[in-house]
Structures are given as structure tokens and as C-alpha cells.
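Everything on this sheet refers to the single structure shown next.
The values are calculated or read from the model by the stated rules, or taken from the named source; none is laboratory data. Please read these numbers as outputs of a predicted model, since none were measured by experiment. Every residue, glycine among them, receives a Cβ derived from its backbone with ideal geometry; neighbour counts consider all protein chains shown.
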Amino acid sequence: MCGIFGLIGKEQVSPRLIAGAARLQNRGHRSTKVFTFDGKFFYNHGGLAPATLLFMDYDPRQLHGTSGITHTRYVTAGKTSEEFLWRNIQPVFSDRPGMATCNNGDLINVYSQTQSLKDKGFSFQTEVDAKVIQNTLIDGLMREKAYLHAKRPQLWIKHLWKAVEQVMTECIGAYSVLCLMENGLLAFRDSHGIRPLCMARRLDAEGKTIEVGFSSESSVFNYFGDYHDVRDVAPGEAVWVDREWLNPVAQTILPEREAFCFFEYVYFARPDSTMKEQRVEMARAELGAVLAEECRDLAPEIDVVCGLPGTSISAGQTFAHILQKQYLNAIIKVDNRRSFQETSDEKRRKAIDDKFIFIRDFIEGKRIAIIDDSNVRGTTAKKIVRRLFDLGATAVHMLYFSPPIIGPCFYGIDTPDETKLIAFGKDLEEIRAEMGCTTVRYISHKGLYRGLGVPEGELCTACITRNYPTDTSELIARAEGRRQERKASDS
């Protein structure tokens, strides 16, 4: 899971790209990079740091250009040593043709597609899927001889769509992609629309377009406050913006059944983002309401309710309101890092120790219900349960507004090893015993769909149903490869 943001317009884009990257740190903070283009040259600046630190003393005027893209990385593939983290920073670049590319998501068939491209003469100095997507696109552009028509927009677009179709046909998995080229900016989503991508326009006083933007989340456009016509890029849709005309041209290339990741609503997305016309924070609050209805039998056993910060506060408040229980901020978040995104169990445990403080007066002698978004590995839950009992809680009920995570995600969330999932192969009592809590409950599948207000058929629920929206022939091989990468890196 990563964040991508791109702009093309009539003004220098680097200040907004940097600010936008900072707004997408919730999606990844391991590395950040910005690429811009000024009509002649590409410029870039990046490093192994979140945007707020990387650009703290940086003069954005050094990144010349009226078009550019940026990427914030959450590591889901590749080795995690510093050498490889540097090597795998996105956007990736190709000088022939000039193209910077970034991606949010993971490919399923990365190994076979990489080998196919190597057989055609393409080289790889990085492990990230963005390079596979970029080389596949370049292969398609060369096959179509598209660059012969780069200055003839109608012919260029015709051949560009063919090249994008090749990507969507050959690259299986989840991807939302931005490609910064010399003649414009390209954006597209995979055929199932598993990962989010939206677009918007900025207008001048006369209502003419002066900038077109693309972002993983609409929260970025909300932050600036001067973008209009915000909409999702549809599954299998590609959008091209020519640097001369700034007139977005969209084409649905290869759509299939939509399978948008439900975990975006539950955990990853910022609360003020809108996805599939559903405000994320409103969805979380409604999930809390549904969870309360499903846990009414527990009400006599609860004194205090606390939503675990920061994704679960609205859900916790709604839960407490419906069951007429006192809501207290018994746990307060003091570090905005997301422990789920750390690259090893040891680092996750350390991050948990650093990011929460507990208010004893709200805990001691109380039967407390903790409302949380999800329970993936159980690392956070176990430490919180232990801490609450140490502070005098008489009962701890761990209640989740997503169903048990029982299958690996291969589409951009770092859970390739199902044996590390706390719910894998266990019933509720076994999960409860491992966590050490009084009660553990999860929202039902029907409750999840009702709370989100999105039809089941439009969501990817692979991690809770083990029904995957794409071909899975390379899933097992890739999972084993990633396990070995992590084992070698952590040793």
C-alpha cells in the first residue's frame, strides 16, 4: 500500500507535490520521491524518509517543471536492507523514452512478467512492480511505434491506449499507476480497480483548467481546497493529459468485475477521503453502529467504551452511543507512525510501545470494550490487552469492525504469510486465549457490507473469504519468495 500523487498544469508543481506527499504518509512513510519535468529535463529528489522530514529544509524551486509525480512507499515487496530500500524508491525512471512511473499495489505475476521482459532485452535495477509496469508500457509503445506520433495528439492517444491495454492484459494484480512523460501525464487503474485513484481539476478565475491532478486519496484535494470535479478513475480506465492542452482524455480500456479493497475504508484511507462516493469516516462510524447491534448481548458486561486511535474513534463513539455506554479516551495516540507498516515483528512491537499512552483513571476497576478496525497479526492487540489488565481493568473486550483476516493479501498489503495471521486456522476461543482478553468479537460479513454501504460484488474481500478476484497461479510462489526475502533481511 503506497500513496501516489501527480499534477500537470501551467504553474510550478513541486510545492504542491511535496505538500501532497505529506498528506499521503498514512499510506507509506518508508521512502518518498518527487519527479518533475520542465519541457526539457527531468528533476528528482528522494530519500528514505517521510515527506515531512525529507523536504523540511529543501527548496522546492530546485524541482523545476509544470508537471510531476510523487510516491510515498509502504514496503510490501523486495528486501528491506538499506541498500535495497534505496534501490526500490519510486518513482522509477527510464531515459529511453523519458518516463517516470510510480504505482500503488502489487502484481501477482511479477516473476513471469519480469522474465518475459528480460527475454525482450529489458533490464531491471530495482525490484518494485512499478518497473515491470513501466517496461511493459514501453514495450507496448515501441510495438505501436507510438512516439512517431507524439506531436499528433489523436494518433498518439490511439496508440497509447493499445500500449495500456497490453499492460492490463499482461500485468495481473492490483495497480494504480502514474506515468510522467515528456508530452504529458498518464494515469490508469487495473481492470478490477483494487487500489484507489481519483482525479480533479484546478480552474482559473474564468473557469478554464490550469491544472489536472491525480491522487490515491481525495483528502489531498480537500487539503488544498481549490480543486473541482473530483471523481474516481474507474476500474480499467486510463486518462491522458497532454502538457500543451491540459484537456483530460479518458478511455475505459479493459474493465472487469470491480473488486475495490474493503481495507481502504477500514484502515488505510484518511478519514476525510471519499472512495466510491462514500466518505471514509462516515463508513467507519456506520461500521461501529452495526458492530454495536451485533454485540448487544455484551452490553451488560461493559462499563466503558474506547475506540483505539486513530482509525476507530468514530466507530467507538457510535458503538457507545447505541449501547448507551460511557465513551472515554482511555488510550491516547502520541506517535502517528502506523505499526502495521513496519517491516518486522520486532519493529512493530517497538512502534506499539512508542505510540500509545494509557489513562489509568479511565481503566482501573472498569470492564472496558476496545473498538478497533482489524486484528491482523495480533501484535497490537496482545500488548494492549496486557497493558489494560496491568492498569487494573477487570475485563477487556476486543471488538473489531472487520471480519477475521484469514487469508494473505497479494494486492499491496504486507500479509503474504498466512501463518502469521492471528485468525488463521483458529476459532474465536483460540484467538481469545492467544490474545489474553475476556472476549473477542468480529463484525459479520453481512454487517461489513451493510456498514460500508457498498455491494459485496464491488469489493475485494480476499483476505476474509479467500476468494481472489484475479488469477492466483503465481500467488504461492510469490508468497514463499517474499517470506524468504524477509527471513534473509531480518537475520
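Taking segment 200-267 as the region of interest, the strands (runs of 3 or more DSSP E) fully inside it that hold 1 or more residues being of a type in the set (A, V, I, L, M, F, W, C), within 20 Å of M168 (Cα to Cα) and in contact with a Pro (Cβ under 7 Å, 6 or more places away or on another chain) are 237-242. The single residue among T76, T36, T72, T80 that is more than 21 Å from S176 (Cα to Cα) and of a type in the set (V, I, T) turns out to be T80. Would segment 427-439 turn up any residue that is of a type in the set (D, E), closer than 27 Å to G412 by Cα and not in a helix (DSSP H, G or I)? Yes, segment 427-439 contains at least one residue that is of a type in the set (D, E), closer than 27 Å to G412 by Cα and not in a helix (DSSP H, G or I). Given the criteria in contact (Cβ under 8 Å) with a residue 12 or more places away in the chain, β-branched (V, I, T) and over 28 Å from P271 (Cβ atoms), does T439 qualify? Against the criterion (in contact (Cβ under 8 Å) with a residue 12 or more places away in the chain, β-branched (V, I, T) and over 28 Å from P271 (Cβ atoms)), T439 does not qualify. Checking each residue in segment 208-226 for being among the hydrophobic types (A, V, I, L, M, F, W, C) and in contact with a Ser or Thr (Cβ under 8 Å, 6 or more places away or on another chain) picks out only F221.
Any chance you could count how many residues in segment 169-184 are crowded, with 23+ Cβ neighbours inside 10 Å, aliphatic (A, V, I, L, M) and either in contact with a helix residue (DSSP H, G or I) (Cβ under 7 Å, 6 or more places away or on another chain) or farther than 20 Å from I69 by Cα (or both)? Within segment 169-184, residues that are crowded, with 23+ Cβ neighbours inside 10 Å, aliphatic (A, V, I, L, M) and either in contact with a helix residue (DSSP H, G or I) (Cβ under 7 Å, 6 or more places away or on another chain) or farther than 20 Å from I69 by Cα (or both) number 1.
Screening A205, A200 for residues that are without any contact (Cβ under 8 Å) to a residue 60 or more places away in the chain and in contact with a Ser or Thr (Cβ under 8 Å, 6 or more places away or on another chain) leaves exactly one candidate, A200. If you check E237, E281, E264 for being in contact with a helix residue (DSSP H, G or I) (Cβ under 9 Å, 6 or more places away or on another chain), of a type in the set (D, E, K, R) and surrounded by 21 or more Cβ atoms within 10 Å (Cβ to Cβ), only one passes: E264.
Considering only segment 403-420, how many residues are more than 20 Å from G105 (Cβ to Cβ) and crowded, with 20+ Cβ neighbours inside 10 Å? Selection size over segment 403-420: 2. Taking residues in segment 148-164 that are at negative phi and surrounded by fewer than 16 Cβ atoms within 10 Å (Cβ to Cβ), and partners anywhere that are acidic (D, E) and in a helix (DSSP H, G or I), the pairs with Cβ atoms closer than 7 Å and at least 6 places apart or on different chains are K162/E144.
Beta carbons closer than 6 Å, at least 6 apart along the sequence or on distinct chains, pair a first residue in segment 287-298 that is farther than 13 Å from T439 by Cα with a second that is of a type in the set (V, I, T) and not in a helix (DSSP H, G or I) for L291/I443.
Counting residues in segment 84-106 that are on the phi > 0 side of the Ramachandran plot and under 20 Å from the mean Cα position of the chain (by Cα) gives one or more. Would you confirm whether any residue within segment 313-326 is assigned by TED's automatic domain parsing to the domain that holds V13 and buried (at least 23 other Cβ atoms within 10 Å of the Cβ)? The answer is no; no qualifying residue exists.
Among the residues of segment 398-419, is there at least one that is in a helix (DSSP H, G or I), under 23 Å from the mean Cα position of the chain (by Cα) and within 24 Å of I313 (Cβ to Cβ)? No, segment 398-419 contains no residue that is in a helix (DSSP H, G or I), under 23 Å from the mean Cα position of the chain (by Cα) and within 24 Å of I313 (Cβ to Cβ). Scanning segment 160-182 for residues being touching a strand residue (DSSP E or B) at 6+ places or on another chain (Cβ under 7 Å), charged (D, E, K, R) and in a helix (DSSP H, G or I) gives a total of 0.
Of the strands (runs of 3 or more DSSP E) lying entirely inside segment 22-84, those containing at least 3 residues that are surrounded by 22 or more Cβ atoms within 10 Å (Cβ to Cβ) span 31-37, 67-73. Look at (1) among the aliphatic types (A, V, I, L, M); (2) more than 20 Å from the chain's Cα centre (by Cα); (3) within 27 Å of L24 (Cα to Cα) and you find that A269 fails only one, number (2).
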